[in-house]
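The values are calculated or read from the model by the stated rules, or taken from the named source; none is laboratory data. Bear in mind the structure is a predicted one, so any value in this text is a computation, not a measurement. We place every Cβ from the backbone using ideal geometry, glycine too, and count neighbours over all the protein chains shown. Surface areas here come from the heavy atoms of the whole protein model, side chains and all, with no ligands, DNA or RNA. Shrake-Rupley method; radii C 1.70, N 1.55, O 1.52, S 1.80 Å.
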Amino acid sequence: MTSTAVRISCVVLTMSVEIAPAGLTAGGFSRDVKPSDTNVTPADVEVITPYVFDGNLSDVPVAIPWQLGDPIKEIPRRGRPRSIQPPPEPRTDPLLATQQGVESRTFTTPLLDFPGMGFTGVFPPDPVGDVGPNHYVQMINSVSGALVAVFDKSGAPIGGPFQLSSMGSGACSGGWGDPIVLHDHLADRWLLSEIGSSGNTLCVYVSQTPDPLGSYFNYAFTTPSFPDYPKYAVWPDAYYVTSNELNPAQYALERSAMLAGSPAMAQRFTAPNLSGFGFQALTPGELDGPEPPPAGAPGYFVRHRDTEAHGPGGFPSEDFLEIWEMSVDFVTPGNSTFTQTANIAITDFDSGLCGFFSLSCFPQAGGPALEPMREVVMWRFQYRNFGSHESLVGNFVTDVDGTDHGGIRWFELRKAGADPWSLHQEGTYAPDAQHRWVGSIAMDGAGNIALGYSLSSSSIFPGIHYTGRLVSDPPGTLPEAETALVDGTGPNPSNRWGNYSSMNIDPADDCSFWYTNAFGSSNWSTHVGVFRFDSCGTPDFTLSAVPDVFDVCAGSPAVYSIIVGSVGGYTLPVTLSASGNPSD
């Protein structure tokens, strides 16, 4: 419900590190993967004692806003040697016709939208956020590392922006950026992260209480190479992490110990590289909803395999989603395994957006062509357990017609009981000639899906849009009409764009989607929007007033309009009253 106000210590860091013998195996491609062919045991095991920040982040100095003439920083893209693949033959995405044949309906306007943090002098911004019972936390890049801002559930800023590293120590006393924020709804705690400014370090902060402005435990996990593009996921037995290293790296962080502020173990695994991309990372499955996964369920990871880019040949009409599973044992690390369990066939898609390596592809008005981010399944890769079945939803960008026209391929995987994961539905969203990418997707507690993304063309500035579907809609379609959260107001002067955005579900109702992304504004700015499907959750009502603030002199009438909206078929009367009225 939207409410409207109408006015009548420091602990010394110690560390012990134990390195287990390295050993990796890489199985070949097979549609029917045998776990025994692809089991990987941890190559690295590390135990870290946290630095304890006992303080109040409301007292931390606020970051000085970027001013014209201040330094500009562009974060370099991390890559590796690449094998050159011939460009694929132009083709039209076979799933376009399914979406184009659907009559769209008006989607809900945002229940709430408000400005996020603005330009900080760095490209790309990497905007992320997450929502808890009482707060929304947003993070972005700055020239000095990750910035954090805390809002209440009305969108009012109540803390920051402050540097995440202001509560760190050692390698985490400075930050490189690449932020992630997660609300661990199983424990009502917050996880904030960035790459440390010295060494190869993942700086992970876990709140000691549900208050995101309170005290934190700071863990500095070292990595053998630079842990680029880290993505995190909450799971009952671990915080799972992926990054773009010399090989795609996966980590299991000891969640129970981190929540307690005890020494915590990290176990590291790698997957084999694919040919064709210079930037590679898997994406972890992140738990949403009140129902945890079945007891003993492994953590899930995904990457997409475009056979024209990565091989093997012989699959002209289908490509694949690789599913990997991590079973972690923090007592006996040698028992932990990382296993590829499936190559799930999906309809052919095209990763060749201005080739396989170009960082300049999608046009915008008045600025350079923007980076397409073709290489990864976009964060978040969301998991839900509905009891009758488990679900994973994800998305990535594809060339929809062979002309470097960006659209979003989205998918839902399902499994029931002991059955393997399989494709439940997939679709491609590109309703016109504009480009859509940097998507983030999530499913609410009723099974409805929302997808947010960046949108641009040669005649418009980059903006933030979203669409969605009801669980009852025809499979593979997004019938909810595309809605603009905010239109761009200027060009982005760098080709580096977004890198990721974040669609999150409010744990308070398991229905409201909170979405943050960047838009063009002569550099970039960020915005946050909240929306929900009427069919999700308990019927309720919204209330707003026009104007929302009214100053009157005694004896003069105060006239304003009260707008009551229905959510989920709410039909009961809404009774209003006024108190504290001045006398004549």
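Take the conditions aliphatic (A, V, I, L, M) and either surrounded by fewer than 23 Cβ atoms within 10 Å (Cβ to Cβ) or outside any strand (DSSP E or B) (or both) and apply them to ALA481. Does it pass?
It is true that ALA481 is aliphatic (A, V, I, L, M) and either surrounded by fewer than 23 Cβ atoms within 10 Å (Cβ to Cβ) or outside any strand (DSSP E or B) (or both).
Residues in segment 333-343: is at least one closer than 28 Å to GLY490 by Cβ, open to solvent by 20 Å² or more (accessible area, probe 1.4 Å) and assigned to a strand (DSSP E or B)?
The answer is no; no qualifying residue exists.
Before we move on, is PRO290 open to solvent by 30 Å² or more (accessible area, probe 1.4 Å), more than 30 Å from ASP510 (Cα to Cα) and either among the hydroxyl-bearing types (Ser, Thr, Tyr) or outside any strand (DSSP E or B) (or both)?
Criteria not met by PRO290.
Listed residues ALA430, ALA446, ALA518; which is within 20 Å of GLY394 (Cβ to Cβ) and either among the aromatic types (Phe, Trp, Tyr) or in contact with a Phe, Trp or Tyr (Cβ under 8 Å, 6 or more places away or on another chain) (or both)?
ALA446
Can you give me the ranges of the strands (runs of 3 or more DSSP E) entirely in segment 143-212 with at least 3 residues that are crowded, with 24+ Cβ neighbours inside 10 Å? Step through it out loud before you land on a result.
Working: elements: 145-152, 157-163, 175-184, 189-196, 201-207.
Filter on segment 143-212 gives 145-152, 175-184, 189-196, 201-207.
Residues checked against (1) touching a His at 6+ places or on another chain (Cβ under 9 Å); (2) farther than 16 Å from ALA508 by Cα; (3) of a type in the set (Lys, Arg):
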site	(1), (2), (3)
HIS135	yes, no, no
GLN138	no, yes, no
VAL148	no, yes, no
SER165	no, yes, no
ASP184	no, no, no
ARG189	yes, no, yes
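State whether the residues of segment 192-200 include one that is within 28 Å of GLU291 (Cβ to Cβ) and of a type in the set (Ser, Thr, Tyr).
Yes: segment 192-200 contains one or more residues that are within 28 Å of GLU291 (Cβ to Cβ) and of a type in the set (Ser, Thr, Tyr).
Could you list all residues from segment 78-133 that are at pLDDT below 90, open to solvent by 80 Å² or more (accessible area, probe 1.4 Å) and closer than 30 Å to GLY177 by Cβ?
Once the filter is applied, which keeps residues that are at pLDDT below 90, open to solvent by 80 Å² or more (accessible area, probe 1.4 Å) and closer than 30 Å to GLY177 by Cβ, segment 78-133 yields ARG78, PRO81, ARG82.
Report, by residue number, each residue of segment 265-278 that is surrounded by 19 or more Cβ atoms within 10 Å (Cβ to Cβ) and within 18 Å of ARG78 (Cβ to Cβ).
Passing the criteria: ARG268, THR270, ALA271, LEU274, GLY276, PHE277.
Taking the options ALA281, ALA249, ALA257, ALA266, name whichever one is assigned to a helix (DSSP H, G or I) and at pLDDT 95 or above.
ALA257
Can you confirm whether GLY520 is buried (at least 24 other Cβ atoms within 10 Å of the Cβ) and within 12 Å of GLY366 (Cα to Cα)? If you could, list the steps in order and put the result at the bottom.
Working: buried (at least 24 other Cβ atoms within 10 Å of the Cβ): yes; within 12 Å of GLY366 (Cα to Cα): yes.
For GLY520, the condition - buried (at least 24 other Cβ atoms within 10 Å of the Cβ) and within 12 Å of GLY366 (Cα to Cα) - is met.
Would segment 415-424 turn up any residue that is open to solvent by less than 10 Å² (accessible area, probe 1.4 Å) and of a type outside the set (Val, Ile, Thr)? Before the answer, list the steps.
Restricting attention to segment 415-424, the residues satisfying the condition of being open to solvent by less than 10 Å² (accessible area, probe 1.4 Å) are none.
The answer is no, given that none of the residues of segment 415-424 is open to solvent by less than 10 Å² (accessible area, probe 1.4 Å) and of a type outside the set (Val, Ile, Thr).
Scan segment 384-401 and tell me whether some residue there is open to solvent by less than 10 Å² (accessible area, probe 1.4 Å), closer than 26 Å to VAL102 by Cβ and not in a strand (DSSP E or B).
Taking every residue of segment 384-401 in turn, at least one turns out to be open to solvent by less than 10 Å² (accessible area, probe 1.4 Å), closer than 26 Å to VAL102 by Cβ and not in a strand (DSSP E or B).
Would you point out the residue of segment 326-350, among those that are in contact with a strand residue (DSSP E or B) (Cβ under 7 Å, 6 or more places away or on another chain) and hydroxyl-bearing (Ser, Thr, Tyr), that is farthest from ALA249 (Cα to Cα)?
THR347
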